[in-house]
Structures are given as C-alpha cells and as structure tokens.
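Enquirer: One structure is given below, represented as structure tokens, and several questions about it will come after.
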C-alpha cells in the first residue's frame, strides 16, 4: 500500500474514532430508538424500525446468555498488545444483533482491547475502505494496532462458517431467499456465538 494511501486511511479511522461510541452507549441508543419506533441509518422505514426492535431483544438475550469456555477465556486474557476493535454497524442489521454482544463479551475480558462502534451511514469514507466483495456489508470489525495506528486485521460481516453458508447458497440459487435468511437466524441461535468467538480468538492470533 502506498504511504499516501496509508495516511489517508489513518485519517479516516481517526475521524471515525472521534465519532465512535462504546458498546453500552450503543445499547442505550438502540433501546431509545425502540421506544420511539425508529432506527439508525439514513432510511427510516417501518420495516427497519421493526428489525431494530427485534435486534434489541436478540442483543438483550445474548448479553445474558453467551458463554465462553475457560480455555477461550485464558487465550483472550493472555493477549498483550493494545488494539482497538472499531466496528461499523446499524441497529437494523440482523447479523450484527447476533455478533455485537459476542464482540463485547470477548473485549470485556482484556483491557488491551478497546471496543468502539460507529454507524455505517454516518461514516461513508470508512465503510468505503472496508467493503466486502464490493458491498457495504456490516457488521465489519477493523482491528487497529494502537502503537502504530495500522490496520492489522478485519472480521465480518459474519463468522467464517456463516460466510461459507451464504456464499454456497448464493452460488447455487443466485440470491438469498427469505427462507434462507430464516435458516441463518436459526443457525445463529443454535451456534450460540461459538463460531464468532473462535474467529475473534484467531483474530488475536
């Protein structure tokens, strides 16, 4: 990557971090939006407001029920580099509702991991630097080394297992159907966040 490009990305990330919020602030935001039947993002539709309401319930459940094995906890707690996990999301995103609480649980175990959140539609420049196959897919986690300010890794918009499921289905059927999306939600519930946890542990190396 050209030095000029790196400097530009660093500036974009710095601006986004200045506008970022914590997970607890994000949860409060979603709860407040549900209370007024609204949503994050540029589009304010009834459907998206309903997704936000559904996702609030999902996050509430995962905040209480997600479990990590002792081996996984030890691996996370032993990570000794200072990093920021900057996540791009929106309240209406179904995948994010299953993933954000898991990221929070992992980050909570290690003070070296600073978990910050920005909204996609308010951070176009950042989103455009971290597209997935040319699309603005979320949630997207950008892992930044605090000492060098360099991007060292990314995760998202889904755990690896779910990405493979989606890609295989698209290859076979051309697009994702409502039936597949329901199957994917059932998979998240059955998986209980374990695939996301595994991917995040790999992210830490």
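Enquirer: Hey, does the stretch 68-80 have a residue that's part of a loop (DSSP other than H, G, I, E, B), in contact (Cβ under 8 Å) with a residue 24 or more places away in the chain and closer than 21 Å to residue 154 by Cα? Let's see the steps before the verdict.
Expert: If we filter the stretch 68-80 for residues that are part of a loop (DSSP other than H, G, I, E, B), which is where we start, we get 68-69, 78-80.
In the following step, the residues that additionally are in contact (Cβ under 8 Å) with a residue 24 or more places away in the chain were identified as 68, 79-80.
The next check asks that each one be closer than 21 Å to residue 154 by Cα; those that pass are 79-80.
The answer is yes; a qualifying residue exists.
Enquirer: If you don't mind, another one. Filter the stretch 5-28 down to residues that are under 21 Å from residue 108 (Cα atoms), in contact with a strand residue (DSSP E or B) (Cβ under 7 Å, 6 or more places away or on another chain) and crowded, with 18+ Cβ neighbours inside 10 Å, then give me how many there are.
Expert: Counting residues in the stretch 5-28 that are under 21 Å from residue 108 (Cα atoms), in contact with a strand residue (DSSP E or B) (Cβ under 7 Å, 6 or more places away or on another chain) and crowded, with 18+ Cβ neighbours inside 10 Å gives 3.
Enquirer: Related question: Hey, any hits in the stretch 106-115 for a residue that's in contact with a strand residue (DSSP E or B) (Cβ under 9 Å, 6 or more places away or on another chain), crowded, with 16+ Cβ neighbours inside 10 Å, outside any strand (DSSP E or B) and touching a residue at least 60 places away in the same chain (Cβ under 8 Å)?
Expert: For the stretch 106-115, residues in contact with a strand residue (DSSP E or B) (Cβ under 9 Å, 6 or more places away or on another chain), crowded, with 16+ Cβ neighbours inside 10 Å, outside any strand (DSSP E or B) and touching a residue at least 60 places away in the same chain (Cβ under 8 Å): present.
Enquirer: Here's something else I'd like to know. Taking the condition at negative phi, at pLDDT 95 or above, surrounded by 14 or more Cβ atoms within 10 Å (Cβ to Cβ) and not in a helix (DSSP H, G or I), does residue 52 pass? Steps first, please.
Expert: Working: at negative phi: yes; at pLDDT 95 or above: yes; surrounded by 14 or more Cβ atoms within 10 Å (Cβ to Cβ): yes; not in a helix (DSSP H, G or I): no.
Spelling it out, it is not the case that residue 52 is at negative phi, at pLDDT 95 or above, surrounded by 14 or more Cβ atoms within 10 Å (Cβ to Cβ) and not in a helix (DSSP H, G or I).
Enquirer: Out of the residues in the stretch 116-127 that are in contact (Cβ under 8 Å) with a residue 40 or more places away in the chain and assigned to a helix (DSSP H, G or I), which is farthest from residue 17 (Cα to Cα)?
Expert: Of all residues in the stretch 116-127, those in contact (Cβ under 8 Å) with a residue 40 or more places away in the chain come to 116-123, 125-126.
Subsequent filtering for residues that are assigned to a helix (DSSP H, G or I) retains 120-122, 125-126.
On the way: 120: 13, 121: 15, 122: 12, 125: 13, 126: 10 Å.
Selected residue: 121.
Enquirer: Tally up the residues in the stretch 128-151 that are in a strand (DSSP E or B) and surrounded by 14 or more Cβ atoms within 10 Å (Cβ to Cβ), please. Please lay out each step first, then the result.
Expert: Our first condition is that a residue be in a strand (DSSP E or B); within the stretch 128-151, this holds for 132, 135, 140-145, 151.
The next check asks that each one be surrounded by 14 or more Cβ atoms within 10 Å (Cβ to Cβ); those that pass are 132, 140-145, 151.
Number of matching residues: 8.
The values are calculated or read from the model by the stated rules, or taken from the named source; none is laboratory data. Just so it is clear, the structure is predicted and the values come from calculations on it, not from any experiment. All Cβ positions, glycine included, derive from the backbone under ideal geometry; neighbour counts span all protein chains shown.
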